[in-house]
């Protein structure tokens, strides 16, 4: 009698354990398949003011600020802050793959062309569109290398910032991140760079024309 009771108790315990595991699996599946509301990508807006100091150009778009730095005549670094001048990531050798921060002065000319600001070096031309704010890179013959997409460009999305760029497949350059935390992926001729870190500043990366 005692043996039968013990077996019955063990059987009930096993069945209860199996039921508990099934419930856990069901909850996990529901959590994984639930579609949570997605925060829409918000473009950073129009340029409201800009300054230039040597290789460094600053463009304010409301609370957002974009730094464009000429590192060499053919390499440009772009950074986006959502908190003005106070939102940039401080130098961190464990984060940045490109350790160099002091660049030789790059000879260039800056011209206000009305709808955009033109910055020419000996190797490329940047066209910074004012409304909405977009950055495009061209060779000196005016052929597109890469540019922010007309629809989105640089954007904020919740605690993330990123950028969508389109490239000329016949004259494509390279887009890469200066920081080890950056991630980019390509959607046909569009390159999407999305960055999410624990710091309010995100490095949007750099672009350079092909040889």
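The table for this structure:
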read-out	value
Likely footprinting exposure, 41, 52, fewest C-beta neighbours within 10 Å first	52, 41
Residues 152, 161 arranged by fewest to most Cβ contacts within 10 Å	152, 161
Nearest-0.05 FRET efficiency for residue 20 and residue 151, computed from C-beta distance (R0 45 Å)	0.40
Inter-label distance, nm, simple model (7 Å from Cα along the C-beta direction), residue 141/residue 8	9.1 nm
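A short reminder: the numbers here are calculations on the coordinates, not readings from a lab. What you are looking at is a predicted structure, and each value in this text was computed from that prediction instead of being measured. Don't worry about glycine lacking a Cβ; one is built from the backbone with ideal geometry, like all the others, and counts go over all protein chains shown.
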